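S.K.: Before anything else, here's the structure in question.
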């Protein structure tokens, strides 16, 4: 159904349609995985979770009228989310990543990503079908609002849920993503 759509078209549909988001995630899972392994192999599982959040934020923030392809925009969002996570959590010390290595990584182009991502497409489709089915509608709704940079209080106000329910839903989302990726 979504196979004929370009990444740009799919990104726009993924804002509102869970199945479109699942397809887009499947398309980019190889990129997320490769980026995480390249940045910090020892922490790739945690970085993959952050990368997925970066990808979903890319879906929410993508504007085709700005002239960039979705692929370029998403790659930057994924990398930035992972790098930000390393800095915030002081994970970079644990991974022994030097500043020069980090700068070198940030400059990596999309051309450096191996073509074997296409080969893994089927495996990724299966994984994202699992992710899509693992999240309840409430978790999906809270997750989408979170990806729009809303605070827990804003999500609670928008969704009509108590703040504690929003926090609980996000904790479940993180656990489910981690268990599916681990």
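FYI, it's all coordinate maths here, none of it is from the lab. Keep in mind that what you see is a predicted model, and the values were worked out from it rather than measured. In this analysis, Cβ positions are derived from the backbone assuming ideal geometry, glycine residues included, and neighbour counts consider all displayed protein chains.
S.K.: Tell me which residues, restricted to region 147-178, are in contact with a helix residue (DSSP H, G or I) (Cβ under 8 Å, 6 or more places away or on another chain) and within 22 Å of residue 33 (Cβ to Cβ).
M.R.: Here is the first cut: in region 147-178, the ones in contact with a helix residue (DSSP H, G or I) (Cβ under 8 Å, 6 or more places away or on another chain) are 147-150, 152-156, 158-159, 161-163, 165-167, 169-170, 172-174, 176-178.
Matches in region 147-178: 147, 173, 174, 176, 177, 178.
S.K.: Mind checking which pairs have a first residue in region 156-182 that is more than 19 Å from residue 134 (Cβ to Cβ) and a second that is outside any helix (DSSP H, G or I), Cβ under 7 Å, 6 or more apart or different chains?
M.R.: Listed by first residue and then by second, the contacts come to 156/162; 158/150.
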